[in-house]
Every structure is written in structure tokens, then in C-alpha cells.
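*Asks:* Below is one structure. I have some questions about it.
Readers should treat all values here as calculations from the given coordinates under stated rules, not as data from a laboratory. Given the structure is predicted, the values throughout are model-derived calculations rather than measurements. Note that we place each Cβ from the backbone using ideal geometry, even for glycine, and neighbour counts take in every protein chain shown.
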Amino acid sequence: MSQNHLETPQDLLRFQLRTAMTMEEDSLAAVTELSEVARTADIKKLFRHHADETREQIENLKKVFELLEVPESTAPSPSTKGISRQAESLIQRADESLHDQIALSAAIGNEHYEMASYQGLIVPVTALGATEVLSLLQANMDQEVHTSEELATRLKELVGG
């Protein structure tokens, strides 16, 4: 399903939903890579837990597609790819002792992008009155907020702040 020109609010919502699916798939790949780069067991565990949550979020998005009667598909998400490329670049040039800090910082950046994306979906879905869809998107948003807070707390502990 290609949407080169978006003409209606529904077109935009469908495209943003497709982008959210790509975003979550990219996030799952990134968090798996960050888990491998992380040096400490607790940070690796944090990333594995986040991967499990991301799988749940993907399932929630699949349900949203179904409820909105939109064919499940993806659309480009250049932002998530850029966040991953930035992390890879930093990891390549940084001493191993900085890898946990880089991994946490990159994950926080990704979480904030995901929160913004869900906010962009939640507002129009609220206007549509699609309460079941709203509940699924809000559950994903709540997980993103919680994960962001966990990552920030762990980063502060790591850097002594």
C-alpha cells in the first residue's frame, strides 16, 4: 500500500500508523543491538525487558490495524533509523567504558521519539471516538513513558547524577 500523497486526515492517520509499526520494528532491532553492546548485566536485562514490551506494542499495533480496518503494513521511519545510526557511530568511536552510557542515551532518544509518535496518533483517534483503539495506543504510550523514566534513572545512576 503506497501513499505518496496524503489528502485526508484518515490518509494521514493510516500513514502515521504504518510509520509507528516500522518505528516499533526498528526499536526492537535497536534494543537487541544495544543489549549486545551494553557491558553490565542490569542494563542488558533492562534492554531485554524493553524488547519484550516492544513485542507487546507491535501486537497492540496489529490490533489497531484490525480495529480500524486498515491493512497491516509499514512506512518509512527515517527518525528511528537515524537514532540507531547515531548510536552506532558513537559506539564505534567510544571507549568500551562508555558503551552503557551511549546505549542508555540512544534508547532514551528513541523512547522520546516513540512518545511523540503515539501522541500524534492518540489525538486524532480520540477525536474519532475509537475507544478500543485509543486504549491500545495509550497502553503503548504508557509503556514508552515508563521505559523512558527507567532508562533516565539508570543513566543518572551510571554517571553519578
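*Asks:* Using 7 Å Cα-to-Cβ label points, what is the Gln119/Leu134 separation (nm, one decimal)?
*Replies:* 1.8 nm
*Asks:* Oh, and also: Show me the three semi-axes of the equivalent ellipsoid for the chain, from the C-alpha gyration tensor (sqrt of 5 times each eigenvalue), largest first, rounded to whole Å. Intermediate results must be reported in sequence, preceding the final value.
*Replies:* Working: eigenvalues 190, 52, 30 Å².
Output for the chain: semi-axes of 31, 16, 12 Å.
*Asks:* Using the per-residue mean of other Cβ atoms lying within 10 Å as a proxy for protection, in what order, highest first, do the peptides 123-133, 10-20 fall? Working shown, then result.
*Replies:* Values: 123-133: 14.1, 10-20: 18.5.
Descending mean neighbour count gives 10-20, 123-133.
*Asks:* Check the straight Cα-Cα distances from Lys45 and name the lysines below 22 Å, setting aside those fewer than 8 residues away within the same chain.
*Replies:* The reachable lysines, counting only those whose Cα sits under 22 Å from Lys45, are Lys156.
*Asks:* Shifting gears a bit: In segment 29-141, if the dipole is taken from +1 on Lys/Arg beta carbons and -1 on Asp/Glu beta carbons about the Cα centre, which of Leu136, Ser89, Gln101 is farthest to the positive end?
*Replies:* Farthest towards the positive end: Ser89.
*Asks:* Follow-up question, since we're still on this one. Gln86 to Glu56: extension gain in nm, 0.36 nm per residue of separation minus the Cα-Cα distance? Intermediate results must be reported in sequence, preceding the final value.
*Replies:* Details: separation 30, 0.36 × 30 = 10.80 nm, distance 2.58 nm.
That pair, Gln86 and Glu56, stretches by 8.2 nm at full extension.
*Asks:* Please compute the net charge surrounding Ser79, taking Lys and Arg as +1 and Asp and Glu as -1 over other residues with Cβ under 12 Å from its Cβ.
*Replies:* That sum, taken over residues with Cβ under 12 Å, equals 0.
*Asks:* Cross-link partners among aspartates and glutamates for Lys62, C-alpha distance below 19 Å, same-chain residues fewer than 8 apart left out?
*Replies:* Of all the aspartates and glutamates, those that pass the test against Lys62 - Cα under 19 Å, at least 8 places apart if same chain - are Asp11, Glu24, Glu25, Asp26, Asp52, Glu53, Glu72, Glu114, Glu132, Asp142, Glu144.
*Asks:* Obtain the nm distance between the two label points defined at Arg48 and Thr32 by a simple spin-label model: each point lies 7 Å from its Cα along the Cα-to-C-beta direction.
*Replies:* Roughly 1.5 nm, to one decimal.
*Asks:* Give the distance, in whole Å, between the Cα centre of segment 88-161 and the Cα centre of segment 1-77.
*Replies:* 12 Å
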